Each structure stands twice: as C-alpha cells, then as structure tokens.
Amino acid sequence: LFGVYASALENSHQIMAFSEVPLIRETGMQEALGQFDLVTFVEGRTSRLDEPTSSTLQTGQIGRFIEDRTEGEIGVRKQFRTGTEVALSNRISTLDNNSEFTSPNPQTASEVVVSVTQPLLAGGGYSYNTTRLKVAKLDSKMAAAEYLRQLETYLLEVNRAYWGVYLSRAGYLQKRSLVERTEAIVSQL
C-alpha cells in the first residue's frame, strides 16, 4: 500500500500542480520584505527660464533674462519597520544665466544630504508597516494548509481506488474458487 502511495505522489501531475501554490505564496513574503531593502536612486531636473526684463536690476541690462538650471541627486535610502526612512545622497546643481550680478557664472554647487523622515500618522508605526508581511505569512500558511488538504483528499481517492481494486480482486478470486469447486462437483456427478 505504501508503494501505491509513493507511486501516486511521484507520478501525479495534479500533486505537482498543488505543490507549486505554497511556493508561489511564499514569494509574497519576500515581496513584503522588499519594502525594507536598501534602494539606490538617481533624480534629475533641468529648467530653462527665458523672460523679458523691464528693469536693469535683474540682468544689468534691459532685454531678456535667460537662466539654465540643472539639479541632480544620487543616493541610497532605506525604510525601517517603524516607518522611519533614512536617506544619504549627494545633490549637485548648476546655474548659468546672463545676469551681470551672478558671480561666478556659471555656478556649480554640491552638498551631501542626510535625511531622516518619521511619519507620525499615515505610514507610521511598527504594526502598520509590518501588516503586509503578516498578511503574506498568513497567506503562505493558508496555502500550505490548502496543499495538505488537497494532498489528503488525493491520497484518500487513491486509497479508495486501491481498496476498490482489492475488493474486486477478492470477489473475482472467490468466484473463480466457486467455479472450480462447482466444476469438481459436476465432474463427480
């Protein structure tokens, strides 16, 4: 009987399909943990301003004020389970315009920025931020329990089929034995 169970489990495509579901659901836990991974980021902005001037106070001459500004930021950030987000980045900016009052022109600035953000309401707190992880763990456990239920149901069907074949075989052997005895009695008569 154990050989029948082993063979059924090894060769059943249905069991193979059932066994994939808990593995798929476990990826939800990894996905939920992914929100707490270290993330690298790059951000950039560029702008161009071209406007007429009506005063010499802006550019030193009347005409048009033209300014090109480029800003970029590169860094890493990490969110913790309490909701705190810590970021370390380097901001670089350049400024180029036609004003006589900008010295030196063009200008470039760079600054290292460390920022710590702790939300107080939405997104704050350990329980709030680990909810997705808890739901993913429950989902994974439910998938494992469902797999066991499906496995037990399948093995119960295999068991019923085995004992059905056993019963049919026993009935066949008894009928064959009765036929042989009847033939022996008929030949004696």
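Key figures
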quantity: Candidates per chymotrypsin sites (Phe, Trp or Tyr not before Pro) in the range 80-168, loop by DSSP, up to 11 other Cβ within 10 Å; calculated: F101
quantity: Among (1) 45; (2) 67; (3) 52, the entry that matches percent of Cα pairs over 27 Å apart as calculated here; calculated: (2)
quantity: Stretchable slack from S12 to E26, in nm (0.36 nm times residue separation minus alpha-carbon distance); calculated: 2.8 nm
quantity: Simple spin-label estimate for T108 and D139 in nanometres, 7 Å along Cα-Cβ; calculated: 4.7
quantity: Apportionment of accessible area to carbon and sulfur, the chain, percent (1.4 Å); calculated: 60
quantity: Solvent-accessible area per residue, Å², over the range 6-87 with all protein chains present [probe radius 1.4 Å]; calculated: 66
quantity: Ratio of Rg to Rh over the range 2-84 (Cα coordinates, Kirkwood Rh, two decimals); calculated: 1.56
quantity: Qualifying GluC sites (Glu not before Pro) in the range 79-134, DSSP loop, other Cβ atoms within 10 Å at most 14; calculated: E100
quantity: Accessible solvent surface per residue of the range 106-159, calculated while the other protein chains remain in place, 1.4 angstrom probe, Å²; calculated: 72
quantity: Estimated [θ] at 222 nm from DSSP helical runs (n ≥ 4, -39500 (n - 2.57)) normalised by residues in the chain, nearest 500; calculated: -17500 deg cm²/dmol
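The values are calculated or read from the model by the stated rules, or taken from the named source; none is laboratory data. Since we're looking at a predicted model, the values are computed, not measured. Backbone-built Cβ (ideal geometry, glycine too); neighbour counts: all protein chains shown. These area figures cover heavy atoms from the full protein model, side chains too; ligands, DNA and RNA do not enter into them. Shrake-Rupley method; radii C 1.70, N 1.55, O 1.52, S 1.80 Å.
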